[in-house]
Every structure is written in C-alpha cells, then in structure tokens.
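Read the structure below first, then the notes.
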Amino acid sequence: MGSIDILKEIRFDLSHNVDEKYKKNNQRYFKEKINCYGVKTPLVRKIAKKYFPKIKFLEKKEIFNLCEELFKTDYSEETTIAIQWIAGIKNQLEEKDFIELEKLFNYINNWGKCDDYCLNVLSHFIIKFPKFKGEVKGWSKSKNQWRRRASAVVFIQGKSWKIHKDYLEDVFDIAKILLHDKEDLVQKGYGWMLKIASESYQKEVFEFVMKHKNEMSRTALRYAIEKMPQNLRKEAMER
C-alpha cells in the first residue's frame, strides 16, 4: 500500500467515526480555534495503531514525510496519529533526526499538540541525546509561545511524568527565564514542570518558589505548589 493510500484510508476512518457532541465540547479546552474531526482520542490512537504496521518498515525519511503530511492538515487527530507513529520509532532516532523533529514542531499551534509531542517524542530524544538539551532550552527565549512552553514541558518524562535527576538544574534555569512570561499557557507549562519536579525534589522546588514567588504569576505559583503539603502551600501563597 502506497503512502497516499494510507493517508486516504486514515482520513476515511476518521471521517466515519465522528462524534458531533465530542467535537463541540472539545473546543472548550482551547483558546485558539482548533480543527478537528471530532473523534475521541482513544479511538484515534487505535487508528494510529492499526496503520503503524503498514509504515514502520518504510525508510525513516519516508515516515517523516508521511507524518509531515498529517501535521500539515492542522487536524488534531491527524497530528495525534503522526506523533504516535514517531513515538513508535523513537528507538531508531539518531542525532541527525533533530532537524526533522524541529521542522515538525513548526506545525504545532496549541497546547495539546505541544504537550503530546514533548511528552512522547522530544523528552525521549533529549534523554537519548543530551547534546540537544541546550537547543530545546533555547526555545525558552523564542517569540513562539509553543516553543517557550515546550522548553519546560520537554523535561517531563513521557508516561512516568517524572523529572530526570540530571535535569533538575535545567528545570530551575528554564523556570527563571519564563518567570515573567505574559502568556498564560507558558506560565502553566513551567508551573506544571515545577509541580512534577516537586514530587521527587520537594525541598529544592519549595526553596525555588520561596525565592521567586514575588516574581511568579499566581497561576504558575499555584501549579508549582499543588502537590505540596498544606502548610507549605499556605506559606508559599503568603505575599
């Protein structure tokens, strides 16, 4: 089966599994207007899994090209499928593939796509190839809010939702850069990163929060301390 045929079959499956109520409700979670078929995520992931055996033995460049075609349409479900496919070949990724991964990030335009890509693809990549950690940290100064959010979320490890022990200082570096970011979803991104870090490094995160709480937005502060004991949360919220 050719690449074009695979894309046609995927789009056929998506268009025949639309849930209009879900489609309407899905928009509520995003400030931006999103394009979606209206297919529930578990079913989208089943469709991705269904077609993965048809593409996993293709040349890696061809897989990236297929995924780019899915990203290009801007439909949330097609992006989800592309990300799941790349995650499926993550053990085959090489240093040179960062160019392709970064190119695909240019199509990301909401927090859902950003987080999915970071948690399932980029976080694995920078652990495997730490030399690219600096590249992604540099996104914290980007004009693109999704790159800035990604510079924080990428340090959360995929399914385990943990911060790698070697990256705690990087977490604080990113948080310092994003302290004064005006975008709500960037604030929530670095606040979430600190919250995840606090589950393993509560003392260090609390000290960071206490040092910078007067600079942090209330949104980021609340996220960062959410998992801490009540007495610490109360102390952190006092101005």
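Worth pointing out:
- Condition check for residue 160 on (1) under 20 Å from the mean Cα position of the chain (by Cα); (2) outside any helix (DSSP H, G or I); (3) crowded, with 21+ Cβ neighbours inside 10 Å: one failure, at (3).
- Residue list for the range 35-51, filter: in a loop (DSSP other than H, G, I, E, B) and either among the charged types (D, E, K, R) or touching a strand residue (DSSP E or B) at 6+ places or on another chain (Cβ under 9 Å) (or both): 36, 37, 40
- Checked against (1) assigned to a helix (DSSP H, G or I); (2) more than 16 Å from residue 158 (Cβ to Cβ); (3) free of Cβ contacts under 8 Å to residues at least 24 places away in the same chain, residue 54 passes all but condition (3).
- Residue identified as hydrophobic (A, V, I, L, M, F, W, C) and buried (at least 20 other Cβ atoms within 10 Å of the Cβ) among 127, 99, 55, 81: 81
- Residue 190 being assigned to a helix (DSSP H, G or I), at pLDDT below 95 and either out of contact with any His (no Cβ under 9 Å at 6 or more places or on another chain) or crowded, with 17+ Cβ neighbours inside 10 Å (or both): no
- Hits in the range 1-33 - residues which are of a type outside the set (D, E, K, R), in contact with a helix residue (DSSP H, G or I) (Cβ under 9 Å, 6 or more places away or on another chain), part of a loop (DSSP other than H, G, I, E, B) and at pLDDT 90 or above: 17
- Pair list, Cβ < 6 Å and 6+ apart or interchain, from the range 124-144 residues that are among the hydrophobic types (A, V, I, L, M, F, W, C) to residues that are loosely packed, with under 13 Cβ neighbours inside 10 Å: 129/95
- Top-ranked residue in the range 1-51 [being within 21 Å of the chain's Cα centre (by Cα) and among the hydrophobic types (A, V, I, L, M, F, W, C); ranked as farthest from residue 92 (Cα to Cα)]: 30
- Any chance residue 137 is surrounded by fewer than 20 Cβ atoms within 10 Å (Cβ to Cβ), of a type outside the set (Asp, Glu), within 25 Å of residue 74 (Cα to Cα) and at pLDDT 95 or above: no
- Qualifying residue in the range 165-175 (condition: more than 15 Å from the chain's Cα centre (by Cα), at pLDDT below 95 and of a type in the set (Asp, Glu)): yes
- Residue match in the range 94-106 (condition: farther than 26 Å from residue 5 by Cβ and outside any helix (DSSP H, G or I)): yes
- Filter pass, residue 81 being in contact with a strand residue (DSSP E or B) (Cβ under 9 Å, 6 or more places away or on another chain) and either in contact (Cβ under 8 Å) with a residue 60 or more places away in the chain or closer than 21 Å to residue 167 by Cα (or both): no
- Condition met for residue 228 (assigned to a loop (DSSP other than H, G, I, E, B), out of contact with any strand residue (DSSP E or B) (no Cβ under 8 Å at 6 or more places or on another chain) and farther than 21 Å from residue 137 by Cα): yes
The values are calculated or read from the model by the stated rules, or taken from the named source; none is laboratory data. The shown structure was predicted, so the numbers you read here are calculated from the model rather than taken from an experiment. FYI the Cβ positions are ideal-geometry reconstructions off the backbone, even for glycines, and counts take in every protein chain you see.
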